[in-house]
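No lab work stands behind these numbers, since they all come straight from the coordinates. This is a predicted model, so every value here is computed, not measured. FYI the Cβ positions are ideal-geometry reconstructions off the backbone, even for glycines, and counts take in every protein chain you see.
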Amino acid sequence: MRIVIEADSIGTVEAELLPERAPRTVEAIAAALPLEGIARRWGEEVYFEIPVEAGEENPVEVVEAGDIGYWPPGRALCIFFGPTPASRNPDEIRPASPVNPVGRVLGDPGAFAAVRDGERIRVKSVSSG
C-alpha cells in the first residue's frame, strides 16, 4: 500500500506499507490513516505517536536506512535514516527496542534529516488525496 509522509521541512516523501512483514500491525495502521503527529528526533530517526495499539509482531532489533517501524512501547511510527544513540557502530541502525517492520521509504531516506523536533508530520494513503 502506497503512502505519503508530509512535513513542512521535507514536503512529500513516498513510502509503502508492507503487510507481509507485520500483517496485523500494518492492517491497524492502514485502518487509522490519515495520521498526524508531532515529530521527535532520536539520532537519525524520526518518530511520532500514532493512535494504534499493537504488540510485538515479527520484531527486529536492527533496521536499514529507509525502514519504517512501529514501536510498541511508545505506540509510535519510526522512520530510520541513519544511526541512533543505541547503534553499536556507525554502520548499524538500532531502535531503542525492537520494532515491528511495517514499511519502507521509496525515495531518499536522508530527506528526513531535515525534520525538526516538534514539527507536525502527516501520513496518508496515496488514494486519500
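Counting Lys and Arg as +1 and Asp and Glu as -1 over every other residue whose Cβ lies under 9 Å from the Cβ of A15, the net charge comes to 0.
Evaluating 6.51 cos²θ - 1.76 cosθ + 1.60 at θ = phi - 60° for every residue in the stretch 9-25, the Karplus couplings come out as 6, 10, x, 10, 10, 7, 8, 9, 8, 10, x, 5, 7, 8, x, 5, 5 Hz, glycine and proline recorded as x. Between the amide H of G107 and those of E14, distances stay under 5 Å, these residues lying 5 or more places away or on another chain, with hydrogens modeled in the peptide plane. Given 10 °C and 1.306 mPa s, compute D for the stretch 2-128 with the Stokes-Einstein relation, Rh being the Kirkwood radius over Cα pairs; round to the nearest whole µm²/s. In µm²/s, the coefficient rounds to 113.
Other residues within the sphere of radius under 15 Å centred on the Cβ of F112, judged by their own Cβ, net out at -4 (K and R +1, D and E -1). Positive contributions from Lys and Arg (+1) and negative ones from Asp and Glu (-1), summed over other residues with Cβ under 13 Å from the Cβ of V62, come out at -4. Across the chain, C-alpha contacts under 8 Å between residues 6 or more apart give a mean separation that, scaled by the residue count, equals a relative contact order of 37 percent. Each helix, a run of at least 4 DSSP H residues, gives -39500 (n - 2.57); summed and divided by the residues of the chain, these come to -2500 deg cm²/dmol at 222 nm.
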